[in-house]
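Shown next, in structure tokens, is the structure this report addresses.
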Amino acid sequence: MTIFPLDTFSPEARSLRLLHGFNNLDDLFSDEDFSSATKHNGSNYPSIDIYENDQEFIFKLDVPGFNKQDFKISVVDQELKISGERAKESVENKDKLIHQGRNEINFSKCYSLHKEVISSDCLANYKDGVLEIKLKKLAQSAPKFIDVN
């Protein structure tokens, strides 16, 4: 339960309403052509850029410290699902651990695409901490005009 100050028009009250009004900031800045359903475990969450041209969608995620085997990517019914899991590193008994800040990271993102893609012609590349996914769009057939007799 959120308790607002008595002066509901004060800057502090407006800030509190804004903070408590948005549960997912991705929804605030989302493009209306993409709907983003997000969930994550842990505190790290990858940044993502999404591009589109006439032939394809391109997704670029900043995910340093992962291996390419840590990702699972699927395309089903105009929905792209990207997930990653980095396990916590085990410490050998001979080393004394002073501080451990690199924890297990799990994330999962789903994007509804506004155009069909060719699932057999999708590519993913992981290099220098950036995961790039390219989804080829299904070519739209030209409209056929029908003469009325």
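A few points about this structure:
- When residues of the stretch 58-72 are limited to those that are in contact (Cβ under 8 Å) with a residue 24 or more places away in the chain and in contact with a Lys or Arg (Cβ under 7 Å, 6 or more places away or on another chain), the one nearest to N106 (Cα to Cα): F66
- Total residues in the stretch 93-138 satisfying the condition of being surrounded by 13 or more Cβ atoms within 10 Å (Cβ to Cβ), among the hydroxyl-bearing types (S, T, Y) and without any contact (Cβ under 8 Å) to a residue 24 or more places away in the chain: the figure is 0.
- Matching residues, the stretch 67-90, being part of a strand (DSSP E or B) and among the small types (G, A, S): S74, S83, G84
- Given (1) part of a loop (DSSP other than H, G, I, E, B); (2) touching a residue at least 24 places away in the same chain (Cβ under 8 Å), number of the condition S141 does not satisfy: (2)
- Test result for V148, at pLDDT 90 or above, of a type in the set (A, V, I, L, M) and in a loop (DSSP other than H, G, I, E, B): yes
- Residue under evaluation E85, criteria (1) touching an Asp or Glu at 6+ places or on another chain (Cβ under 9 Å); (2) touching a residue at least 40 places away in the same chain (Cβ under 8 Å); (3) of a type in the set (D, E), criterion not met: (2)
The values are calculated or read from the model by the stated rules, or taken from the named source; none is laboratory data. Fair warning: this is a prediction, and the values are worked out from it, not measured in the lab. Heads up, the Cβs are rebuilt from the backbone with ideal geometry, glycines too, and the neighbour counts pull from every protein chain shown.
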